[in-house]
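Here is the structure we will look at.
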Amino acid sequence: MTDLSSPSPKRFSLGRIDKAWLALAVIILAVAIFGFDHLQPMLISAFSALGRTAPYIAFAVFAIAYLKATGAENLLGKAFEGREVYMILMAALLGGLSPFCSCQVIPFIAALLAVGAPLSAVMAFWLASPLMDPAMFSITAGGIGFDFAIAKTASAVGIGLLGGAGTMLLKNSAVFANPLREKPATGGCCSAKSPFSEKPHWRFWETAERRVVFRDNLVENGVFLLKWLLLAYTLEYLMVAFVPAEAIATVLGGDGLRPVVLGALVGAPAYLNGYAAVPLVAGLLEQGMAPGAAMSFVLAGGVSSIPAAIAVWALVKPRVFAAYLGYAFLGALIAGMTWQAIS
């Protein structure tokens, strides 16, 4: 018998509110109450910065949607075929080009491990993947500079190679013995379907299903970048307005190893995501942050950020996870010192 009763109304829950929009609303409200004179300049500054970044955002959103709709990410599976050294190299190179979000990395890596890909190649991909992708490159080039984006890309590949080579050399040690959890988690917001199941279809507009994928990704990633960059530009204004430049220059400025180490240490807890970090780092650089500290900040923060770290924690045992963080921190220090020397 058909149930004609009215559905019970959904209860309001703070858990359903997007955290980025909520944070932005709280900041605007707080400034309106406690610093009204800064409200209009803050909003003008944030939206002006968003307008200057708009071409890069548009390119980033279109690139992600196109890669998803065509299924081009399926080509990444070919990087994990052949000799182990070749696999590490290709995994590190393609890790920085992959369009995967953090949750999508989990089923992808689970599939790689299931088909027998060596942990060394997986580690290389894992380390490089959260640090750079086409969208991240575009936003970084527009927000900080093309040279910085190139250097970060090279550093992402270098950290992947460092982790892959280290894991290959130590694969018989106790750290990497039996590395996987008994029942690795492959759930999340993305399907666990094997990423190697079909070939790319470059003319995606010929298929209705792929057009839907393109549209959904265009909207989803457009909103994602809009909210995080708007929040980041708002925080950038507040940081410049209320944090003395002398304090930034004292703590994170100067030469030598100290600011690079501090940048890496601060990067882990302070990191929001790769896109939101760009305007924040740009603001810190204007206030006197050392170039090497900026590089170590974005690298160490990108690898140790919660979404990226969860992708690793879900599949491997704690000792392998610790090695992952160790590779990231060491690689961030090396890249930071190198960038400090050549900047």
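Ranked by Cβ crowding within 10 angstrom, fewest neighbours first, how are Lys19, Lys171, Lys152 ordered? Numbers along the way, then the final one.
Values: Lys19 11, Lys171 15, Lys152 26.
Arranged by neighbour count, lowest to highest, Lys19, Lys171, Lys152 become Lys19, Lys171, Lys152.
Name the long-range amide H neighbours of Val316: under 5 Å, sequence gap of 5 or more, or other chain; modelled H, no Pro or chain starts.
Arg181
What ³J(HN,Hα) values, in whole Hz, does the Karplus curve 6.51 cos²θ - 1.76 cosθ + 1.60 give for region 84-93 when θ = phi - 60°, with x put for Gly and Pro?
Here the 3J(HN,Hα) series is 4, 4, 5, 4, 4, 4, 5, 5, 5, 5 Hz.
Efficiency by 1/(1 + (r/R0)^6): what FRET value for Val240 and Trp205, r their Cβ-Cβ distance, R0 = 41 Å, to the nearest 0.05? List each step's numbers first, then the result.
Working: r = 44 Å, r/R0 = 1.07.
The formula returns an efficiency of 0.40 here.
Once you have the Cα-Cα distance between His38 and Glu84, take 0.36 nm times their residue separation minus that, and quote the gain in nm to one decimal. Kindly include the intermediate steps, with their values, before the conclusion.
Details: separation 46, 0.36 × 46 = 16.56 nm, distance 5.63 nm.
Full extension from His38 to Glu84 adds 10.9 nm.
Would you mind calculating the gained length between Ile17 and Leu170 on full extension (0.36 nm times residue separation, minus the Cα-Cα distance), in nm to one decimal? The partial results should precede the final answer.
On the way: separation 153, 0.36 × 153 = 55.08 nm, distance 4.48 nm.
Using 0.36 nm per residue and subtracting the Cα-Cα distance, I get 50.6 nm.
Show me 316-329, 135-148, 38-51 ranked by packing, highest mean number of other Cβ atoms within 10 Å first. Walk me through the numbers before you get to the answer.
On the way: 316-329: 18.4, 135-148: 20.6, 38-51: 15.5.
Those peptides, ordered most packed to least, come out 135-148, 316-329, 38-51.
For region 294-343, what's the relative contact order in percent, using C-alpha pairs closer than 8 Å and at least 6 residues apart? Could the numbers behind the result be given before it?
On the way: 23 pairs, mean separation 28.8, N = 50.
Worked out over region 294-343, it gives 58 percent.
Can you list the residues, at least 5 places off or on another chain, whose amide H is less than 5 Å from the amide H of Ala290, using H built in the peptide plane?
Gly253, Gly254
Beta carbons within 10 angstrom, averaged per residue: use that to sort the peptides 336-342, 251-257, highest first.
Going from most to least packed, we get 336-342, 251-257.
Read-outs throughout are calculated quantities, based only on the coordinates presented, and are distinct from any laboratory measurement. Just so we're clear, the structure is a prediction, and the values are computed from it rather than from any experiment. Don't worry about glycine lacking a Cβ; one is built from the backbone with ideal geometry, like all the others, and counts go over all protein chains shown.
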